[in-house]
Amino acid sequence: MAHHLGALSLALYGASFLCYARILYSPHLWLGRLASGLLAGGILLQYFDLLERSRWVHTVPYNDLYGSMSLFAWLLGITYLGLEIFHRQRSVGAFLTLLLVIWIALLGLLPRGDRPAPPPARGALFAFHVTLNTWAYAAFALSFVLSLIYLAQDRLLRSRRLGSPFWRFPALDVLDRMARSSVYVGLGALILGVALGLIWEHRLSGGYSWGDPKVIITLAILVAYIAYLRLSRSATWRGARAALLCALNFVVVLFSYTIVNLYFTKFHRYF
Amino acid sequence: MKSQTKSAGQGAVRIHVALIGCNHRTAPVELRERAVFTPEQALCAADELRERGILEEAVVLSTCNRSELYGVPGEANPSAAEEMEDFFTSFHKIPRAEMHGSLYRSIGADAVRHLFRVAAGLDSMMLGEAEILGQLRGAYSQALDHGSTGPVLNRIFQGALEVGKRVRAETEVGSRPMSVALAGVKLAERVFGNLKGHSALIVGAGAVAEQVIEHLRNRGIGSLRVVNRSYEHAAVLARKMGGEAVKWESLEEVLGMPDILVASVGGTGAVLTRRMLDRAIAARHGRPVFVVDLGVPRNVADDAAGLYNLYLYNIDDLGEVVEQNKKARESEIPRAEALIAEHLAKFETWRAALEAASIVDDLREHFHKHRELVIREKLSEIKDVSPEERVRIAHITEELIERVLENPTQKLQHGRGLRGRLAGIEALRHLFGLDEEKD
């Protein structure tokens, strides 16, 4: 059942991508609404897919790379949809849904972990800790995509090669605001997630593992994004430089999410 | 369905639409300006055309680039197009010979297609321009309020307005700026998004700058300042456009304020140097500034283009953008034509349905007429037919007619393929001589 739901949500994301891509070249109100509707449908089906898995592993499905990436994709979809509604801007949808499709298609190549999570990694506190951190990563991924579009748009504007998509992209100012909104969401989720993680760890062991590479790199990510928010309003960094910084920050996030989780950390490994 | 269809009991409904007019392609401006209809004249012309029996419905569309009469001729007026042409020339007191070759005329689907193309902006001087749709809506609303339209023109003009809207929403035909002034403003929107609350500074008071100001004003620009060497000129322009005039000596002071800078100082060369603009951006705390240089020679130093967060477009850059946009619009023509064809097919379906319903009635009438003739003729030769038998014969022949008509009725009203249905209607008219019978 879960397999079918995953495949169906992928199909809806794919259909949503086609609609978003179509409206980039030829705007159509109903097609835009259909794109958003299909994305929402994909998110809903993926939720049931995750729910199915969470019943099996007795917690939020983050205990292996497959589950974690699946949760990430779902939160990325939700964050984007929220931002789309908030900023009333659909032209980024094609990029986001393409990312979702590729991401979920890659999930198919990963083995599905069937083992339930060990008892310490269960409970609401731990579940919120991981979910919020994954949400933060998803929001940073969104800001990454928005920053890349900003840089592309800026480049087109300077080179004066203004193809069809140029006129459909959001304005630089809108992209900047959307990226910042996304980073705010990410930072909020990350701070709350880290705080819950610290409380959980204290309850479990009575101390804090500040030396764990995952903790160190998470704090580095926190600092990097706070720096981005500050610099993006300064005279010398405002604009393309800040967008580049935001995009580069996400490289650190990716490093933390994959390499650190898989090889370096002691407490944050997938089970 | 009174006018264009049929006068009670007189033959089949035949929906005719006729068009006559001239536009920027067929007539020079000297001729077009003599053929313009003011709104009052448009109503007067429509009334006269109907009163004289040339048309039963009429709408006049008159803009600076076209003067067109759309109408639905009466059933008994096969030479309506000719009469419309006579009316057009005599109304404007233009000798017919002078208009020779400048007037075009279309009938039926071609006339409807022409109107749809006009609404889509495909027949405009500037491909895809938006104004024509408003002008068309105005002309139609005026005629509708005046009562000079009817079911056919209502259907066609409402269809045209829908086509116009769809073409602009679903294709790129009308989406990209086609003038240097609008291109500058649209590009600024690519940087700032909505221009409400943003500010602009106009340096110089050239004609194109004035157009830029108008576009900025239309987009609700927050504040507008005008600087010119002649303060009086700046004050006049500022007053006209609802801005604030600034003295030339204060140029550097106000340079750091605007988000959009439009330079249009004639014959002076670089008025804004890299150093000045660098300072201006610093004063803006690095916020981007969009600069439109309309001057020839250029008003902004070439090396200023490299400044961070400064987007500089000179007149040639904007010209290039307009050229790119023109090509992009042209490449969208087939998609716009496809939408037009879709709406034309809708109209034709409506027309075919009306005509089909009417031709079946006419056929029935035709058969009944012949049936009565035959019964009267044949029964007069037979002596011993009782009244009951006569009634019975009448019933049987009536049933026969209904049975004969059943299949064509189904085929004409619900058959597949518009072409086939229209061809069927034409064939029935021809084979049974329905039009001749009516005449």
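What follows draws every value from the coordinates through simple rules; no lab data is involved. Model, not experiment: these values are computed from the prediction. Using ideal geometry, Cβ is built from the backbone for each residue, glycine included, and neighbour counts are taken over all protein chains shown.
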Check: Roughly what angle does helix A:172-205 make with the longest principal axis of chain A, taking Cα atoms, 0 to 90 degrees, to the nearest 10?
Finding: 0
Margin query: Give me P(r) over the stretch B:194-236, computed from all C-alpha to C-alpha distances, binned every 10 Å, as integer percentages.
Written below: 30, 54, 16, 0
Check: Pick from A:Arg161, A:Arg90, A:Arg177: which residue has the top mean-square fluctuation in a GNM of chain A where Cα pairs under 10 Å get a spring?
Finding: A:Arg161
Next item on the list: Please figure out what share of the DSSP beta bridges in the stretch B:125-245 is antiparallel and state it in percent, rounded to the nearest 5.
Entry: 10
Next item on the list: Work out the mean other chain Cβ neighbour count within 10 Å for the residues of A:233-239 and drop it here as an integer.
Entry: 5
Next item on the list: Would you kindly calculate the mean projected area, averaged across all directions, of the convex hull enclosing the Cα atoms of the stretch A:1-41, in square nanometres?
Entry: 2.4
Note to self: Sequence gap at least 6, Cα distance under 8 Å: using those rules, report the relative contact order of the stretch B:180-328 to the nearest whole percent.
What the structure shows: 22
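Provide the percentage of antiparallel DSSP beta bridges, counting only those with both residues in chain B; round to the nearest 5.
45
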Margin query: Using Cα-Cα distances under 8 Å and only pairs 6 or more residues apart, what relative contact order does the stretch A:123-271 have, in percent?
Written below: 33
Margin query: Please list 3J(HN,Hα) in residue order for the stretch B:242-259, calculated via the Karplus relation 6.51 cos²θ - 1.76 cosθ + 1.60 where θ = phi - 60°; whole Hz, with x for glycine and proline.
Written below: x, x, 10, 8, 10, 6, 4, 5, 8, 3, 5, 5, 8, 5, x, 8, x, 7
Check: By its C-alpha gyration tensor, with a ≥ b ≥ c as the square roots of the eigenvalues, how is the stretch B:180-328 shaped: rounded for a/c under 1.5, else prolate for a/b larger than b/c, else oblate?
Finding: rounded
Next item on the list: Excluding residues fewer than 8 places away in the same chain, name every one of the aspartates and glutamates whose C-alpha is closer than 14 Å to that of B:Lys327.
Entry: B:Glu172
Notebook entry, point to check: Taking amide hydrogens as modeled 1.01 Å from N in the peptide plane, which residues meet the under 5 Å criterion relative to B:Val246, leaving out close sequence neighbours?
Noted result: B:Val226, B:Val227, B:Asn228
Margin query: For a test of the definition: using alpha carbon positions, the gyration tensor, and the 1.5 limit on a/c, classify the protein assembly as shown as rounded, prolate or oblate.
Written below: oblate
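What percent do you get for the relative contact order of chain B when only Cα pairs under 8 Å and 6+ apart count?
14
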Notebook entry, point to check: Nearest 10 degrees, 0 to 90: what angle lies between the long axis of helix A:65-87 and the longest principal axis of chain A (Cα atoms)?
Noted result: 40
Next item on the list: Between B:Glu365, B:Glu48, B:Glu323, find the one with the highest GNM mean-square fluctuation for chain B; connect C-alpha pairs within less than 10 Å.
Entry: B:Glu365
Margin query: Going by amide H atoms built from the backbone, whose H comes under 5 Å of the H on B:Val291, apart from near neighbours?
Written below: B:Leu261, B:Tyr311, B:Leu312, B:Tyr313
Item checked: Per-residue Cβ neighbour rank within 10 angstrom, fewest leading, B:Val29, B:Val180, B:Val322 -> B:Val29, B:Val322, B:Val180
Check: Each residue of the stretch A:230-239 in order: what ³J(HN,Hα) in whole Hz does its phi give by Karplus 6.51 cos²θ - 1.76 cosθ + 1.60, θ = phi - 60°, with x for Gly and Pro?
Finding: 6, 5, 5, 10, 8, 4, 8, 9, 3, x
Check: Quick one: Cα centre-to-centre distance for the stretch B:372-398 and the stretch B:201-275, in angstrom?
Finding: 94
Check: Once you sort the root eigenvalues of the Cα gyration tensor of chain A as a ≥ b ≥ c, which label holds: rounded (a/c under 1.5), prolate (a/b larger than b/c) or oblate (the other case)?
Finding: oblate
Next item on the list: Could you work out the mean count of beta carbons from other protein chains within 10 Å of each residue's beta carbon in B:166-177?
Entry: 3
Note to self: What do you get for the angle between helix A:124-159 and the principal long axis of chain A? Use alpha-carbon atoms, 0 to 90 degrees, nearest ten.
What the structure shows: 20
